[in-house]
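Quick notes on the structure that follows.
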Amino acid sequence: MEQAVSSMDPLILSIAEAEAAARPLEPDRRQREAWLGSAARLAGERLDRLDEHPTYVPGEPVEEIRRWPISEQGRTFDEVLRIFSTVVLENGIDAASGGHLGYIPGGGLQASALGDYLAAVTNRYAGLHYAAPGAVQMENMLIEWIRDLVGYPASTAGYLASGGSLASLSAIVTARDARASRGERIARSVIYGSAHMHHCLRKAIRIAGLAEAVRRDIALDERHSMDPAALRECIRHDRAQGLEPALIIGSAGTTDTGAIDPLDALADLAAEHGAWFHVDAAYGGFFMLLDELRERFSGIERSDSLVIDPHKSLFLPSGTGALLVRDGRLLLDAHHYTANYMQDAWHSGDELSPADLSPELTRHYRGLRMWLPLMLHGTAPFKACLREKLLLTRYFRMRMRELPGFILGPEPDLSVTFYRLDTRDPALADVANHRLAEAIRADGRLFVSTSVIDGRVFIRLATLSFRTHRRHIDLLLELLREKGREIAARYPLRGAPERTPSPDA
Ligand SMILES: *Cc1c(COP(=O)(O)O)cnc(C)c1O
């Protein structure tokens, strides 16, 4: 015995040394509190002074992250925060700012950030029910909350994904398997969408191995919503050729114009032709919380699958999308792997697990960042905020009608609208509008993005961040008036009095 213990001594010693050297990984309470204090000060400063920081800083990062390589020796927390601040926070688009009016902003709720902190510190494994029953039930409960909002039946299953793109990929894979689009059949399968369908779905179709399927971009009406008569005619034509309508993709709020497709008519056609009906509600979905808009989404409850992004119309920080599939068993069939036992679990009504419904195994416990703000605030402030966004969109459009020289897009369904300077020479219109968007971005206080709609460059206004308020819209109007006048001096507007042409006009 004596002998054995003494021969262990060097080992015990080495373990103790290694443990001591690893100790910085487990800060004591004093240190933890100091770190939290520093992080909270940095975050607090950003939040208190959002309007003073630029919303957009164009160009390359001022400082380069590689100047601070990962090395053997660590640095102080405050130094690390300084590096983060310099390298990350001083450039690009500030997506936390209410001045972010481009693409589809959300803002990033403070309560979600704290949910993320708690999820990371407690590190519950939210992949499998048995490992973290409460965490998995919480995520499933959030899916049920969306299910009831949409009007899907009890057979629904779904999960919280990292975003709309990954959720869409899962939806396409589920549709592919459910409709047995494989092998030679793929080339006979037809996928219907519109020209304004989000590009993540085109990506998903390719990744899912359906690149050889026939794809149809159905014509849009004057409000950029899919024309159901054109879809009917296209399906009729395809069937006459021996093709199989496999998948119809509708949008409940397109990114470009916020238009909602005629979902009821799409559901009718999908039912008539045995096609899977998928709805992309990534941007627009949570506007369903508003009674006054509910009718506009009619038919969404008849879809087979649905993608909705809490990091857009529920204002969460980036990194949360959701997929719901009406017949949950089909989602399970498409994603489970070793979990044959899950088939029984399904019958016995046990809780489903994200690991069996999604491509992920070990995953971020996303539920907390969504549950915490909903529990804390209730749904009332979310509804009020969504209503504010709709009203701000209407306000912007009313005020724009008083601003000469602009063409305004049609009345939107939701909170995205678009406009352009109307130049006298149509050939110069696109470049003039690019210049105007650049001039607004160069000011730095607001970020706007452009798109090509009906073949022409438009500037979009996407009012969705929970931090966007009337003062941001007023600032945009002021910038449009001021910068619009400058641009008009170089690119004369239609209806404006003739003046000496500028050198490059
Ligand atoms: C943003 C968006 C997507 C893609 O979702 P991500 O969360 O960005 O991956 C899909 N469809 C629409 C309509 C969107 O607005």
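Of note:
- For the stretch 423-471 and the stretch 190-249, distance of Cα centres in Å: 29 Å
- Entry for the stretch 380-490 at q = 0.12, 0.15 Å⁻¹: log10 I(q)/I(0) = -0.40, -0.61, Debye formula applied to identical alpha-carbon scatterers, no solvent contribution.
- Considering only Cα atoms, the convex hull volume of the stretch 121-272 works out to 143 Å³ per residue.
- With N the number of residues in the chain, Rg(Cα) / (2.2 N^0.38 Å) evaluates to 1.13.
- Expected 222 nm ellipticity per residue - DSSP helices of 4 or more, -39500 (n - 2.57), all of the chain, to 500: -13500 deg cm²/dmol
- Helix runs (DSSP H) in the chain reaching 24 Å along axis by Cα, Kyte-Doolittle at least 0.0: 2-21, 133-150
- Pairs of Cα atoms in the stretch 1-124 fall into 5 Å distance bins, from 0 up to the last occupied one, in shares of 2, 8, 12, 15, 16, 14, 10, 7, 5, 4, 3, 2, 2, 1, 0 percent.
- Accessible solvent surface per residue of the stretch 380-490, calculated while the other protein chains remain in place, 1.4 angstrom probe, Å²: 41 Å²
- Per residue, the convex hull spanned by the alpha carbons of the stretch 259-340 comes to 107 Å³.
- Protein accessible area in the chain, 1.4 Å probe - carbon and sulfur %: 55 percent
The values are calculated or read from the model by the stated rules, or taken from the named source; none is laboratory data. Nothing here was measured: the structure is a model prediction, and the numbers come from that model. Note: accessible area is taken over every heavy atom of the protein model, side chains too, but ligands, DNA and RNA are not part of it. Shrake-Rupley method; radii C 1.70, N 1.55, O 1.52, S 1.80 Å.
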